[in-house]
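The values are calculated or read from the model by the stated rules, or taken from the named source; none is laboratory data. Predicted model only: the values in this text are computed from it and were never measured. Cβ sites come from the backbone with ideal geometry, for glycine too, and all protein chains shown count toward neighbours.
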Amino acid sequence: MKKWYAVIGDPITHSLSPFMHEAWFDEHEIDAAYLPIHVEPSQLEKSFEAMKTLGISGFNITLPHKRSIVPLLGKLEKSAMQMNAVNTVSFDGAEYSGLNTDGDGFVRSLLVHDVDKTAKVLLIGAGGAARGIAYALKRAGFMDITITNRTYRRAEELATEIQSSAITLTESEERLVEFEVLVQTTSVGLTTSEALPISLNGVKAGTLVADIIYTPLETPFLKKAAEKNCVTLNGVGMFVYQGAIAFEQWTGVQPNTEKMIQLITEKLGGTYVNN
Ligand code: ATR
């Protein structure tokens, strides 16, 4: 019988997940559908019950439900436990379990750029997204992670959890030259403001500068990094790889990620450069 999958969120109309997963189902001739479903916070529990009744095989969860779905699930994978947030649910025939592929998605997007695990990484931000990435970097074997955040206490807390170190934003600006990889996870850059989370004046040319935002494709942070001759990486890769890990979990098939990064970049009005 045809299987069905979904992404739930509020809002949901702009999600690119249906485009991505439908394309992969087509490409691999898997008889399945993937629907965007608008679920308001007050309807989350009822909606989950309804989806289970209708035999959903798996789904993705986007804002604002990533945390509130946690108590509704019978089982959580390590990635979801560490983040206390779920972006993917899969059904093993008996129960629905939650995992979180956001952090691992980011790490894969980094590894395809041949980043060495001994690289000195500066993680900017200590919110939900940073948390997932910090744990995923740690799980992947990255050895030198430093966390900086506007609210220093949060950077310290996250650093303690993953046994790394924390520095203030000012200190990170002063020591920027030391880092080989910068990872921008804050919400600065999502709006039309030209503000940067930290100044990039001291960055070394050739540094890999990643921003997890993909709308816009080039945040002011990445624009500045490019001006400083850094290698830049936008959030499309993380988006595609978090989806690919979910797809693998559901189907056992590894989808074509490189082509999808190109398609999504073009869909967002950008030009794909394979670097
Ligand atoms: P998300 O789940 O997207 O990570 P979040 O948990 O609300 O969202 O975290 C937002 C991150 O962006 C935090 O690191 C936040 O810093 P604070 O902990 O100091 O709030 C950071 N952030 C948001 N606005 C910022 C700004 N104007 N300058 C610097 N950092 C900012």
For region 122-142, the count of residues that are more than 16 Å from the ligand (Cβ to nearest atom) and aliphatic (A, V, I, L, M) equals 1
When residue 63 is run through (1) within 16 Å of the ligand (Cβ to nearest atom); (2) surrounded by 23 or more Cβ atoms within 10 Å (Cβ to Cβ), the failure sits at (2)
Among 167, 145, 213, the single one that is crowded, with 22+ Cβ neighbours inside 10 Å and more than 11 Å from the ligand (Cβ to nearest atom) is 145
Reported set for region 133-167 where residues are within 20 Å of residue 200 (Cα to Cα) and aromatic (Phe, Trp, Tyr) is 152
In region 22-39, anything surrounded by 12 or more Cβ atoms within 10 Å (Cβ to Cβ) and of a type in the set (D, E, K, R) is listed as 22, 27
Just checking, does region 140-147 include any residue being more than 18 Å from the chain's Cα centre (by Cα) and part of a strand (DSSP E or B)?
yes
- Message: Within region 6-20, does at least one residue satisfy the condition of being surrounded by 17 or more Cβ atoms within 10 Å (Cβ to Cβ) and free of Cβ contacts under 8 Å to residues at least 24 places away in the same chain?
- Response: yes
Filtering region 259-275 down to residues that are in contact (Cβ under 8 Å) with a residue 24 or more places away in the chain and within 18 Å of residue 112 (Cα to Cα) yields 260, 261, 263, 264, 265, 275
Selection from region 150-201 of residues assigned to a helix (DSSP H, G or I) and among the aliphatic types (A, V, I, L, M) yields 155, 158, 159, 169, 176, 177
* Asked: Does residue 225 satisfy the condition of being of a type in the set (Gly, Ala, Ser), touching a strand residue (DSSP E or B) at 6+ places or on another chain (Cβ under 6 Å), crowded, with 23+ Cβ neighbours inside 10 Å and assigned to a strand (DSSP E or B)?
  -> no
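Does region 148-164 hold any residues that are among the hydroxyl-bearing types (Ser, Thr, Tyr) and either in contact (Cβ under 8 Å) with a residue 24 or more places away in the chain or away from the ligand (no atom under 11 Å from the Cβ) (or both), and which are they?
148, 151, 160, 164
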Conditions (1) at pLDDT below 95; (2) within 23 Å of residue 89 (Cβ to Cβ) -> residue 270 fails only (2)
Considering region 1-40, residues that are aromatic (Phe, Trp, Tyr) and in a helix (DSSP H, G or I), and then whichever is farthest from residue 90 (Cα to Cα), we arrive at 19
For region 175-210, the count of residues that are away from the ligand (no atom under 13 Å from the Cβ), at pLDDT 95 or above and not aliphatic (A, V, I, L, M) equals 9
* Kindly establish whether residue 249 is outside any loop (DSSP other than H, G, I, E, B), surrounded by fewer than 21 Cβ atoms within 10 Å (Cβ to Cβ) and not assigned by TED's automatic domain parsing to the domain that holds residue 168. => yes
Filtering region 202-214 down to residues that are assigned to a loop (DSSP other than H, G, I, E, B) and more than 16 Å from residue 126 (Cα to Cα) yields 202, 203, 204, 205, 206, 207, 214
Across region 196-248, the tally of residues that are polar (S, T, N, Q), in contact with an Asp or Glu (Cβ under 9 Å, 6 or more places away or on another chain) and in contact (Cβ under 8 Å) with a residue 40 or more places away in the chain stands at 1
